[in-house]
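The values are calculated or read from the model by the stated rules, or taken from the named source; none is laboratory data. If you're wondering where the values come from, they're calculated on a predicted model, not measured in any experiment. Backbone-built Cβ (ideal geometry, glycine too); neighbour counts: all protein chains shown. Note: accessible area is taken over every heavy atom of the protein model, side chains too, but ligands, DNA and RNA are not part of it. Shrake-Rupley method; radii C 1.70, N 1.55, O 1.52, S 1.80 Å.
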Amino acid sequence: MNTKEYIESGVIETYVLGMLTDAEASEVKQMAQKHPEVQQAIDEMRSSLEGYATAHSVAPKPEWKDEILAAALAANNSQSSKSSPSKKDTPNEPVVRTMAPAENKRSGFSPLAIAASVALLISLGYNALQYQSIQDKEEEISKTQLRVAELESENEVMVANFKDAQSNLEVLRDAGTATFIMKAIEGRDPQYRADVHWNSTSEIVYLDVKALPDAPEGMQYQLWALKDGKPIDMGVFNADDTKENLLAMGKVPGADAFAVTLEKAGGVPSPTMEQMYVYGAPVAS
Amino acid sequence: MLDQSHTITEANLIEEFSAGNEAALSFIYDAYSGALYGVLLQMTRNSDLSRDLLQETFIKIWKYHAKYDASKGALYTWMLNLTRNNCIDYLRSKRNKNQNQNQELDNHVYAFESDSGFSPDHIGLKEVVNSLPAEQKQVIDLAYFGGYTQKEISEEFDIPLGTVKSRAKAGMEKLRKFFKPEN
């Protein structure tokens with residue numbers, strides 16, 4: 001596992017939250033010592049968690065301050081845990097690592113100066129957080145606006161698709177619609193097939209290509225209605241034109257059969273019979 | 001500019017604190033007791049007990065003042081860890097009455113390096129909480145305020161371990177976004 005994967009694994013979060021066993025935690029510590037990025041990730045998360053802790057602040061009662069400070073000073077002056085006014089004895093004194101000796105140099109600053117600085121820092125920190133929070137919110141709003149726009153355009157496409165599907169369904173369900181199944185003619189791949197739905201009221205011919213090979217460069221398929229042995233041009237199309245929806249072709253008052261030929265792109269006035277692919281009479285209903 | 005004044009002032013305060021200046025302890029109490037008491041209230045859900053533990057914590061803070069090492073972490077981090085460890089010790093000894101678990105403070109106290117110093121105590125809790133889904137908050141609170149390990153959360157609250165981990169991760173990510181340091 002590389003460092004990035006390690007950081008993204010979630011182990012840092014559980015470490016900072018204190019959710020790991022001692023053994024697991026010391027593993028994380030070792031990683032942090034070896035990899036500054038891990039240490040940095042720990043610092044960042046710990047800092048967020050401290051922010052969370054701070055958010056729960058509750059001011060202690062004012063009178064406690066003197067009591068608690070007096071207890072702290074008294075306990076440590078007598079060096080005896082007995083003198084602790086706490087109700088119970090401090091359980092198991094913590095072992096504290098030996099540190100480099102603290103510098104004892106006194107700097108002559110007045111308590112008032114510290115107080116002012118502390119107040120200023122708190123206020124600055126608060127402002128910074130508020131500012132950050134506002135910026136985050138603004139970023140969130142612009143992201144949301146972008147998402148809304150995306151959804152709107154997605155929705156337009158969906159509505160259009162739905163309308164197409166609905167009108168296709170209307171055609172197919174209409175009692176005046178007759179269906180012609182055009183199958184491969186002899187010598188062609190028997191898989192080839194295209195269906196025509198012809199509505200007697202609107203006289204529109206709808207095409208549904210089930211399987212036709214892609215037309216070669218510069219060529220297109222052409223649909224013909226056959227009436228009394230004469231071909232009537234119903235328009236040109238490509239093999240994949242009806243992938244999504246039925247394709248409305250030409251109008252014809254009635255037909256005995258339909259056929260598809262492969263012609264030069266744009267179509268021709270009369271069909272090239274050797275180039276016929278599929279042919280079909282109406283399905284008996 | 002913020003960072004610089006920050007460091008200097010904290011450094012001075014820490015110098016005074018390490019040297020045993022009682023006035024420094026008083027400042028520290030003013031600056032941090034609200035945060036520490038708030039954490040204790042979350043951990044114990046009991047204001048009398050929290051007050052006692054706050055006092056215990058300050059006894060320890062003062063006892064170990066000379067041992068605090070600023071190069072190992074921020075004062076706030078040190079005090080928060082001292083507060084939490086002391087309280088977790090107490091809660092655990094209550095939870096397992098016959099089993100006295102003494103966690104060594106040693107590593108825990110300095111577990112985290114820090115660059116953060118004084119923390120304001122005015123950040124709206126409601127805002128933070130609103131940014132955190134309830135099930136993620138539960139895991140974070142159980143771990144941070146309850147002192148539970150991930151295994152304990154999984155077992156006692158009947159949440160699959162993987163879910164505990166992913167909720168902790170997602171929740172921390174939300175907090176990180178909320179408290180994102182300026183840059």
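Each row is one residue, and each column tells you yes or no for (1) open to solvent by less than 70 Å² (accessible area, probe 1.4 Å); (2) in contact with a Pro (Cβ under 7 Å, 6 or more places away or on another chain); (3) part of a strand (DSSP E or B).
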| site | (1), (2), (3) |
| --- | --- |
| A:I181 | yes, no, yes |
| A:E186 | no, no, no |
| A:W198 | yes, no, yes |
| A:T201 | no, no, no |
| A:Y206 | yes, no, yes |
| A:V209 | yes, no, yes |
| A:Q220 | yes, no, yes |
| A:W224 | yes, yes, yes |
| A:P231 | yes, yes, yes |
Odd one out for A:F109, checked against (1) modelled with pLDDT under 80; (2) surrounded by fewer than 11 Cβ atoms within 10 Å (Cβ to Cβ):
(2)
Residue check: is A:K210 among the charged types (D, E, K, R) and free of Cβ contacts under 8 Å to residues at least 12 places away in the same chain?
no
What pairs come up if the first residue lies in region B:25-46 and is not assigned by TED's automatic domain parsing to the domain that holds B:F58, the second is of a type in the set (K, R) and in a loop (DSSP other than H, G, I, E, B), and their beta carbons are under 6 Å apart, counting only those six or more places apart or on different chains?
none
State all residues of region B:63-84 that are buried (at least 21 other Cβ atoms within 10 Å of the Cβ) and at the interface with chain A (Cβ under 7 Å from one of its Cβ atoms); if no residue qualifies, say none.
B:Y76, B:T77, B:L80
A:A23 passes all but one of (1) assigned to a helix (DSSP H, G or I); (2) within 22 Å of B:L75 (Cβ to Cβ); which number fails?
(2)
Tally of residues being out of contact with any Gly (no Cβ under 9 Å at 6 or more places or on another chain) and open to solvent by less than 30 Å² (accessible area, probe 1.4 Å) across region B:27-48
13
If A:A75 satisfies all but one of (1) in a helix (DSSP H, G or I); (2) at pLDDT 90 or above; (3) open to solvent by less than 40 Å² (accessible area, probe 1.4 Å), what's the number of the condition it fails?
(2)
Taking region A:38-66, which residues are acidic (D, E) and loosely packed, with under 15 Cβ neighbours inside 10 Å?
A:E63, A:D66
Please state which of the following conditions A:S202 fails to meet, knowing it meets all the rest: (1) under 19 Å from A:R173 (Cα atoms); (2) under 40 Å from the mean Cα position of the chain (by Cα); (3) of a type in the set (S, T, N, Q).
(2)
Consider only pairs whose beta carbons are under 8 Å apart and that are at least six residues apart or on different chains; among these, list those whose first residue lies in region B:142-168 and is over 15 Å from B:L91 (Cα atoms) and whose second residue is buried (at least 22 other Cβ atoms within 10 Å of the Cβ) and polar (S, T, N, Q).
B:Q150/A:T14; B:L161/B:Q150; B:V164/B:Q150; B:K165/A:T14; B:K165/B:Q150; B:A168/A:T14; B:A168/B:Q150
Just to be sure I understand the filter: pairs with C-beta atoms under 7 Å, separated by 6 or more residues or on different chains, first member in region A:57-74 and in contact (Cβ under 8 Å) with a residue 24 or more places away in the chain and at the interface with chain B (Cβ under 8 Å from one of its Cβ atoms), second member surrounded by fewer than 15 Cβ atoms within 10 Å (Cβ to Cβ) and in a helix (DSSP H, G or I). Which pairs pass?
none
